[in-house]
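The values are calculated or read from the model by the stated rules, or taken from the named source; none is laboratory data. Worth saying up front: this structure is predicted, and the values here are computed from it rather than measured. All Cβ positions, even for glycine, are placed from backbone atoms using ideal geometry, and neighbour counts span all protein chains on display. Ligands, DNA and RNA are excluded from the accessible area calculation, which covers all protein heavy atoms including side chains. Shrake-Rupley method; radii C 1.70, N 1.55, O 1.52, S 1.80 Å.
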Protein chains: 2
Amino acid sequence: MKLGRQTVEFEKPISIECAYSSVGKKEADGPFGNYFDKVFDDELIGKDTWEKAESELLKETIISLMQKNKTAFSDIDYIFSGDLLNQCTSTSFAIKDFNVPHFGIFGACSTFSEGISLGSFLISGGFAKKVICATSSHFCTAEKQFRYPIEYGSARCPTSQWTVTGSGAVILSDANKGPFVTHITTGKIMDLGVTDANNMGAAMAPAAADTILAHFKETGRDEKYYDLIVTGDLGSVGMKLNIDLLKKEGIDISNNYNDCGNMIFNQKEQSAKAGGSGCGCCASMFCGYFYKKLLEGEYKNILFVPTGALLSPISALQGESIPSIAHAVAITM
Amino acid sequence: MKLGRQTVEFEKPISIECAYSSVGKKEADGPFGNYFDKVFDDELIGKDTWEKAESELLKETIISLMQKNKTAFSDIDYIFSGDLLNQCTSTSFAIKDFNVPHFGIFGACSTFSEGISLGSFLISGGFAKKVICATSSHFCTAEKQFRYPIEYGSARCPTSQWTVTGSGAVILSDANKGPFVTHITTGKIMDLGVTDANNMGAAMAPAAADTILAHFKETGRDEKYYDLIVTGDLGSVGMKLNIDLLKKEGIDISNNYNDCGNMIFNQKEQSAKAGGSGCGCCASMFCGYFYKKLLEGEYKNILFVPTGALLSPISALQGESIPSIAHAVAITM
């Protein structure tokens with residue numbers, strides 16, 4: 001049922017039947033290291049290029065998800081997947097042998113909740129029974145593509161974020177097994193004119209604030225309804241801006257708010273500057289940590305709000321601003 | 001209603017309420033030049049870079065679509081859009097001021113039918129009343145990104161295709177106004193090992209054949225049901241392979257089959273080699289030509305099958321094959 005311009009409430013909530021997370025060594029060394037399902041110590045994951053490694057990371061994550069849930073690919077109706085690499089090649093090469101109808105999606109680091117949103121629509125509409133939503137990122141592919149050659153060892157500024165080597169994947173279904181997706185609030189592209197590609201938290205914060213605000217207005221809920229509001233990868237800089245932007249609207253989320261990018265690393269000890277980023281940041285944190293805490297009953301209601309910075313190296317070099325988007329998913333155990 | 005693994009039949013068919021197409025000068029000089037709604041003679045479209053020009057092309061197309069249909073952006077529930085540029089920046093910059101909930105999609109040149117598929121799901125499921133599906137491509141951005149600098153003037157091989165400068169956009173709705181989307185058949189990624197990025201028709205033909213075959217098997221229809229089966233941008237090389245692949249399965253589509261890439265240029269006179277390609281090829285041909293011919297009654301049933309080659313310049317340089325996908329949409333007037 002549509003509650004407003006951006007929010008849909010599902011009559012029968014959608015089951016997040018299973019979740020699986022994989023990360024690299026640095027992420028495993030962080031404060032949530034023990035929660036991730038699989039750790040790849042080798043950043044090349046046995047491949048000869050980083051791009052092939054990222055694709056393998058995503059592929060292995062989805063295969064492990066299927067094994068964990070004892071589900072065959074022939075029982076999956078659709079895969080929604082995307083990533084940060086040019087033309088989303090991590091996804092295409094990862095899933096090409098699975099023989100499952102596929103929708104490629106791109107929302108930068110909001111891709112994971114975009115997939116959960118679209119997958120939930122298809123299940124709620126009766127078009128699918130089981131859907132996989134997955135994404136990945138890799139520090140080395142992202143640095144190479146968006147910033148400088150790894151070997152160059154360029155200095156990082158305090159607002160810059162560290163792309164997570166990680167992947168997360170879920171199976172959504174019509175089962176009566178929580179946690180459940182109850183609402184989705186779809187983001188609009190926001191652009192307040194930030195042009196600093198080393199400060200993506202600042203670029204994405206307005207999108208997060210806008211989507212959270214729409215979610216509250218359209219559902220009638222407020223910040224107290226949720227045990228936790230958790231954004232994707234605003235990092236320590238962007239999450240403060242998000243808090244400030246919402247305060248201006250009369251909403252104080254600071255008591256029950258965190259950000260996956262702010263959480264995944266020990267920022268100082270691990271030289272992660274403003275925190276983690278990348279499609280794999282919120283996906284691995286959700287599948288590794290939050291999903292387990294929902295199952296254990298530690299959290300009952302979470303508003304999960306991955307955010308995406310929709311820039312490219314070309315748009316940044318041409319002096320363009322950084323449009324951003326955030327898609328919120330309300331999850332209940 | 002799900003008819004099989006890949007095909008959904010809509011109980012109430014989805015209206016393609018309006019369509020709009022824009023192209024560049026070369027496309028306007030081709031055999032269907034008179035059908036396109038708008039022609040931009042200036043390949044920079046008043047901007048200072050090709051990337052900004054492509055984004056403007058998409059933006060102008062969507063604005064013109066809204067004006068043609070006398071619809072306000074506030075009446076649009078969702079936009080599904082994507083393009084070929086790294087991180088889909090044509091889309092993000094084109095639609096950032098429209099203030100409409102947005103889902104970014106990537107299916108290379110199959111993006112247009114991916115959007116129509118997802119938009120139809122949302123309308124049929126009752127989650128939306130009006131959805132925009134749009135895409136674009138531009139010869140200069142594609143050459144620069146995927147091949148060689150334009151200024152280099154590199155020779156083109158006979159199997160290579162010419163990226164269309166064009167954009168197409170439709171409004172899908174729950175109105176009782178044809179033409180209608182009656183079925184969608186969602187593609188799986190196919191990869192028969194073609195590695196020649198100058199022969200994308202050959203790489204994509206197996207995906208087209210696989211999706212068409214699934215459509216026939218799952219709907220019980222055959223090639224005679226359709227006035228025309230039209231693929232996206234296999235070009236003259238790929239469409240012959242598609243015919244041959246389907247012949248091996250006992251299906252002869254050669255009597256009522258064509259391909260937008262094969263149609264859009266006078267291939268010899270316009271030096272377009274194997275024909276047109278790019279997200280804007282099938283989108284501009286559908287919105288410019290086929291939509292009008294459906295309205296006029298010249299066609300009653302079309303199976304529209306855009307195809308996408310899911311490669312990147314990096315994957316090609318690393319010697320990878322070219323995974324491909326094709327999403328079919330059955331359209332009835």
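With θ set to phi - 60°, apply the Karplus curve 6.51 cos²θ - 1.76 cosθ + 1.60 along the range B:187-200 and write out the HN-Hα couplings as whole Hz, x wherever there is a Gly or Pro.
Couplings: x, 9, 6, 10, 8, 9, x, 5, 10, 8, 5, 9, 9, 6 Hz.
Rank A:Val305, A:Gly168, A:Met239 by how far each Cα sits towards the positive end of the charge dipole of chain A (+1 on Lys, Arg Cβ; -1 on Asp, Glu Cβ) and give me just the farthest.
Value: A:Val305.
How charged is the neighbourhood of A:Ile62? Take every other residue with its Cβ under 15 Å from the Cβ of A:Ile62, and add Lys/Arg as +1 and Asp/Glu as -1.
Once all neighbours under 15 Å are counted, the net charge is -2.
How big is the antiparallel share of DSSP beta bridges in the protein assembly as shown, given as a percent to the nearest 5?
Of those bridges, close to 60 percent are antiparallel.
Mind checking the mean number of beta-carbon atoms from other chains within 10 Å of the Cβ atoms in A:311-322?
5
Which Cys residues of chain A have no other Cys Cβ less than 4.7 Å away and so no disulfide-compatible partner by this rule?
Among the cysteines of chain A, those whose Cβ sits 4.7 Å or more from every other are A:Cys18, A:Cys88, A:Cys109, A:Cys133, A:Cys140, A:Cys157, A:Cys279, A:Cys281, A:Cys287.
Which residue, B:Lys47, B:Lys70, B:Lys188, has the most motion in a Gaussian network model of chain B that connects Cα atoms within less than 10 Å?
B:Lys70
What does the convex hull of the alpha-carbon atoms of the range B:75-135 project to on average, in nm²?
3.7
Which ³J(HN,Hα) values, rounded to whole Hz and listed in residue order, are derived for the range B:68-78 from phi using the Karplus coefficients 6.51, -1.76 and 1.60 in 6.51 cos²θ - 1.76 cosθ + 1.60 with θ = phi - 60°, glycine and proline given as x?
Running phi through 6.51 cos²θ - 1.76 cosθ + 1.60 with θ = phi - 60° gives 4, 8, 6, 10, 8, 4, 5, 8, 9, 7, 8 Hz.
Given Cα pairs under 8 Å that are at least 6 residues apart, what percent is the relative contact order of chain A?
Contact order relative to length: 26 percent.
Can you give the mean number of other chain Cβ atoms that lie within 10 Å of the Cβ atoms in peptide A:81-90?
If you average over the peptide's residues, the count of other-chain Cβ atoms is 6.
When the scattering of the range A:89-227 is computed by the Debye formula from its Cα atoms alone, each counted once and equally, what is log10 I(q)/I(0) at q = 0.13, 0.21 Å⁻¹?
Treating every Cα as an identical point scatterer, log10 I(q)/I(0) equals -0.77, -1.39.
Quick one: the Cα spread of the range B:124-178 along its three principal axes, in angstroms, biggest first?
Extents along the principal axes: 50, 20, 16 Å.
Per residue and in cubic angstrom, what volume does the convex hull of the Cα atoms of the range A:161-226 have?
Taking the convex hull of the Cα positions in the range A:161-226, it is 147 Å³ per residue.
Taking a cut-off of 11 Å, what percent of all Cα-Cα pairs in the range B:284-333 are separated by more than that?
In whole percent, the long-distance tail amounts to 73.
Lys/Arg Cβ at +1, Asp/Glu Cβ at -1, dipole of the range B:142-284 taken about the Cα centre: which of B:Met190, B:Met204, B:Ile251 is farthest positive-ward?
Value computed over the given set: B:Met204.
Once the mean 1/r over all distinct Cα pairs of the range B:199-297 is inverted, what Kirkwood radius in angstroms do you read off?
13.9
Can you give me the Cα centroid spacing of the range B:103-125 and the range B:273-333 in angstrom?
The range B:103-125 and the range B:273-333 have Cα centres spaced 13 Å from each other.
Given charges of +1 on the Cβ of Lys and Arg and -1 on the Cβ of Asp and Glu, with all other atoms neutral, how large is the dipole of the range A:178-243 about its Cα centre, in debye to the nearest 20?
The calculated dipole for the range A:178-243 is roughly 120 debye.
Find, to one decimal place in angstroms, the Kirkwood hydrodynamic radius of the range B:149-193, where the mean of 1/r is taken over every pair of different Cα atoms and then inverted.
So the Kirkwood estimate lands at 16.2 Å.
Would you kindly derive the ³J(HN,Hα) couplings of the range A:255-261 from the backbone phi angles with the Karplus curve 6.51 cos²θ - 1.76 cosθ + 1.60 (θ = phi - 60°), listing them in order in whole Hz, with x for Gly and Pro?
For the range A:255-261, the Karplus curve yields 7, 9, 10, 8, 9, 4, x Hz.
Just to check, using Stokes-Einstein with a Kirkwood Rh over alpha carbon pairs, what's the diffusion coefficient of the protein assembly as shown at 10 °C and 1.306 mPa s in µm²/s?
65
Which of the pairs A:Lys12/A:Lys129; A:Lys188/B:Lys47; B:Lys68/B:Lys130; B:Lys130/B:Lys292 have their Cα atoms more than 22 Å apart in this structure?
From the list (A:Lys12/A:Lys129; A:Lys188/B:Lys47; B:Lys68/B:Lys130; B:Lys130/B:Lys292), the Cα-Cα distance tops 22 Å for A:Lys188/B:Lys47.
Using only the heavy atoms of the protein chains and a 1.4 Å probe, how would A:Glu223, A:Glu298 rank by accessible area, largest first?
The residues order as A:Glu298, A:Glu223, largest area first.
Work through the residues other than B:Cys157 whose Cβ is under 13 Å from its Cβ and net out their charges, Lys, Arg +1 and Asp, Glu -1.
Around B:Cys157, the surrounding residues sum to +2.
With +1 on each Lys and Arg Cβ and -1 on each Asp and Glu Cβ, how big is the dipole of chain B about its Cα centre, in debye rounded to the nearest 20?
The dipole of chain B has a size of about 400 debye.
How big is D for the range A:36-147, in µm² s⁻¹ as a whole number, if Stokes-Einstein is applied with the Kirkwood radius of its Cα pairs at 4 °C and 1.567 mPa s?
Approximately 90 µm²/s, per Stokes-Einstein.
Nothing charged except the Cβ atoms of Lys and Arg (+1) and of Asp and Glu (-1): what's the magnitude of the dipole of the protein assembly as shown about its Cα centre? Round to the nearest 20 debye.
800
Around B:Leu228, which amide H atoms from residues at least 5 apart in sequence, or from another chain, sit under 5 Å from its own amide H, with H modelled in the peptide plane?
Sorted by chain and number, the residues that satisfy this are B:Asn301, B:Leu303.
Could you pull the Cα extents of the range B:43-98 along its three principal axes, largest to smallest, in whole Å?
31, 23, 16
Using the alpha carbon gyration tensor of chain B, what are the three equivalent-ellipsoid semi-axes (square root of 5 times each eigenvalue), largest first, in whole Å?
Equivalent-ellipsoid dimensions as semi-axes: 26, 25, 18 Å.
Below 8 Å between Cα atoms, with a sequence gap of 6+, how large is the relative contact order for the range A:180-333 in percent?
38
At 0.692 mPa s and 37 °C, plugging the Kirkwood radius over alpha-carbon pairs of the range B:10-57 into Stokes-Einstein gives what diffusion coefficient in µm²/s?
Rounded, D is 261 µm²/s.
What does the charge count around B:Glu51 come to, taking other residues whose C-beta lies under 11 Å from its C-beta (Lys +1, Arg +1, Asp -1, Glu -1)?
-2
Which of the listed residues, A:Thr141, B:Tyr291, A:Ala326, is farthest toward the dipole's positive end in the protein assembly as shown, when Lys, Arg count +1 and Asp, Glu count -1 at the beta-carbon?
Working it through, the farthest residue towards the positive pole turns out to be B:Tyr291.
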